[in-house]
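The values are calculated or read from the model by the stated rules, or taken from the named source; none is laboratory data. This structure is a prediction, so every number in the text was calculated from the model and none was measured. Because the Cβ atoms are built from the backbone with ideal geometry, glycine has one as well, and the counts that use them run over all protein chains shown. These area figures cover heavy atoms from the full protein model, side chains too; ligands, DNA and RNA do not enter into them. Shrake-Rupley method; radii C 1.70, N 1.55, O 1.52, S 1.80 Å.
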Amino acid sequence: MNSDIIQIMITMVVYMLAVIGIGLAFAKKANKSSEDYFLGGRTLGPWVTAMSAEASDMSGWLLMGLPGVAYWCGIADAAWTAIGLAVGTYINWLITSRRLRRYSVKAGNAITLPEFFSNRFHEKGKVIMTISALFILIFFTVYAASCLVTCGKLFSTLFGFDYVPMMIVGAVFVLVYTIIGGFLAESASDFMQAVVMVVALVVVVITGTIAAGGIDQVIENGRNIPGFLEFFGMATPVTDADGVQQVVNNVPQFGEAGSYGVLNVISTLAWGLGYFGMPQVLLRFMAIRSEKELTRSRRIATVWVVISLGVSVFIGVIGRSLYPTALLTSSASENIFIELSTNLLPPIIAGLVMAGILAATISSSDSYLLIAASAFSKNIYQGLLKKRATDKQVLNMSRITLLAITLIAIIIALDENSVIFNIVSFAWAGFGATFGPLMLFSLFWKRTNRAGAIAGMIGGGVMVFVWNLLVRPLGGIWDIYELLPAFLFSSLLIVVVSLLTPAPSEEMQKEFDDVRAGV
């Protein structure tokens with residue numbers, strides 16, 4: 001291990017110690033009660049709310065997955081995904097945040113998403129709570145696995161160690177940190193990590209552009225690759241049977257440009273629909289100290305997202321210009337951010353930039369683990385299995401759940417060739433289709449009832465699996481991102497089943513009217 005790598009490692013260790021320090025600083029307050037541990041006592045300010053929501057949402061795929069897609073096949077897939085996410089971010093903050101903050105308090109002061117849905121429909125049997133908690137456990141375990149893949153790739157690429165041990169080291173660190181601090185520590189560190197992430201992106205894109213000879217040179221290089229810079233076309237790397245891109249005379253080989261039609265665009269823009277069902281974002285809406293501060297949070301979040309996504313896509317383009325033959329598989333292409341950072345920046349600065357990847361991973365995985373643990377300990381353990389469980393017992397059960405989820409995520413992440421972007425896209429679709437339509441109908445359609453809510457959740461969640469595993473592989477017009485058909489199917493079920501079954505009680509309808517009127 002040379003001196004440059006040692007300096008990078010030291011910088012990253014110092015960063016990790018700072019993150020642990022935040023966890024320890026908030027540990028005392030976090031353990032006062034389950035509300036403090038899971039929702040921070042609804043005390044978040046507008047800046048922390050906005051930045052922590054986006055940092056926990058974007059995860060390591062912002063710095064590795066998205067640039068990797070742009071590096072491998074050009075800007076179309078990455079850019080349309082980024083546009084969908086940016087639009088979805090703004091609309092979600094605009095129409096969902098204020099009413100959810102108000103409704104979550106009105107609905108029995110709910111502190112988890114399953115609890116909100118259950119209280120919203122005044123259910124006694126806790127069926128909605130159980131179903132939503134189970135879906136959260138399933139999809140967040142997959143999400144956490146994507147974060148562990150990021151850790152493994154980062155550490156193994158940087159330090160030359162084997163992937164699996166490095167992935168496990170990352171998992172242990174995130175687990176310990178999440179157990180110590182809870183939601184407040186997570187949100188406070190996410191604010192810091194959001195700053196680190198955007199600074200890292202900007203530093204790398206500026207340095208890379210200069211090293212490549214300027215923007216004109218980067219664009220000229222992209223134009224020489226068929227379909228690479230087209231919004232309605234895609235570059236098609238020529239690969240062998242193992243998926244390795246062919247290189248002739250030190251030039252990577254590409255076939256004719258592939259088509260990227262209207263159906264592809266609509267499918268990719270559908271990423272934006274996922275925001276309406278993302279627990280890690282929706283919880284920030286519930287946790288802000290005042291709904292009056294949500295306007296400022298919306299502006300902060302939108303600016304951060306637009307800058308981060310735009311820069312992330314361009315990093316992939318710059319990487320293909322500077323290092324055209326360095327990364328020859330779809331999985332390896334997700335290391336382009338690391339390649340640029342370690343080759344172009346001084347070791348200490350590179351260490352800080354690498355900490356940006358670690359920041360993104362930590363900010364997401366701690367959110368995923370904490371929300372999944374709360375779903376089980378608060379909604380299933382206390383809500384169903386042991387209704388008289390004390391706050392201390394709930395907190396202890398949450399920590400046991402954290403350990404179990406981490407172990408399962410480690411197993412999922414054992415494959416070194418996993419593509420982070422693909423793992424995230426599946427989990428994103430799962431949450432978007434399971435909770436997105438239900439959240440919107442719960443907040444804005446008074447006629448929505450319990451039966452419709454149950455049908456919509458189950459239908460949306462199951463359709464994600466059906467479309468991804470059975471329908472999408474058929475190709476052609478069926479090759480649509482599973483979030484879109486599953487979201488539409490869930491919405492249809494909510495409407496049809498709600499209309500075919502008895503209307504909500506007068507008490508429930510009055511509660512809805514009070515929330516709408518701001519009472």
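From the P(r) of the range 181-300, could you give the percentage of C-alpha pairs in the tail past 26 Å? In whole percent, the share of Cα-Cα pairs in the range 181-300 beyond 26 Å is 53.
Here the range 369-484 yields Rg over Rh of 1.05, to two decimals, using C-alpha coordinates and the Kirkwood radius.
Structural size metrics of the range 437-519, computed from C-alpha coordinates, are Rg and Dmax of 15.5, 51 Å. Taking amide H as placed 1.01 Å from N in the peptide plane, the amide H of Phe254 sits under 5 Å from that of Val238, each at least 5 places away or on another chain. When the surface is traced with a 1.4 Å probe over the full set of protein chains, Val497 keeps roughly 40 Å² accessible. Cross-link pairs exceeding 31 Å in C-alpha to C-alpha distance, out of Lys124/Lys446; Lys392/Lys510; Lys106/Lys386; Lys106/Lys387, comprise Lys392/Lys510.
Expressed as a whole percent, the accessible surface of the chain that belongs to carbon and sulfur atoms is 66, based on a 1.4 Å probe. Using θ = phi - 60° in the Karplus curve 6.51 cos²θ - 1.76 cosθ + 1.60, the 3J(HN,Hα) couplings for the range 457-471 round to 4, 4, x, x, x, 5, 4, 4, 5, 4, 5, 5, 8, 10, 8 Hz; x is entered for Gly and Pro. For the range 369-404, the set of trypsin sites (Lys or Arg not before Pro) satisfying both a DSSP loop assignment and a count of at most 10 other C-beta atoms within 10 Å is given as Lys387, Arg388. Toward the positive end of the charge dipole of the range 98-229, with +1 on the Cβ of Lys and Arg and -1 on the Cβ of Asp and Glu, the farthest Cα among Pro226, Phe159, Phe135 is that of Phe135. Largest accessible area first, the listed residues Ile318, Ile408 line up as Ile408, Ile318 when surface is computed with a 1.4 Å probe on the assembled protein chains. Neighbours of Thr236 by Cβ distance under 13 Å: Lys/Arg scored +1, Asp/Glu scored -1, total -3. Scoring 207-218, 65-76 by mean Cβ neighbours within 10 Å over their residues and listing the highest first yields 65-76, 207-218. Among Trp61, Trp478, the order of accessible area from largest down is Trp478, Trp61, computed with a 1.4 Å probe on protein heavy atoms. Taking all protein chains into account, the per residue accessible area for the chain stands at 36 Å² (1.4 Å probe).
With contacts taken as Cα pairs under 8 Å and at least 6 residues apart, the chain reaches a relative contact order of 30 percent.
Dipole magnitude for the chain: about 2380 debye, using +1 per Lys or Arg Cβ and -1 per Asp or Glu Cβ, origin at the Cα centre.
Hydrodynamic estimate: the Kirkwood radius of the range 280-394 over Cα pairs, inserted into Stokes-Einstein at 25 °C and 0.890 mPa s, corresponds to D of 136 µm²/s. Measuring spread by the Cα atoms of the chain yields a radius of gyration and Dmax of 22.5, 75 Å. Using the rule -39500 (n - 2.57) for each DSSP H run of four or more residues, divided by the residues of the chain, the 222 nm mean residue ellipticity is -23500 deg cm²/dmol.
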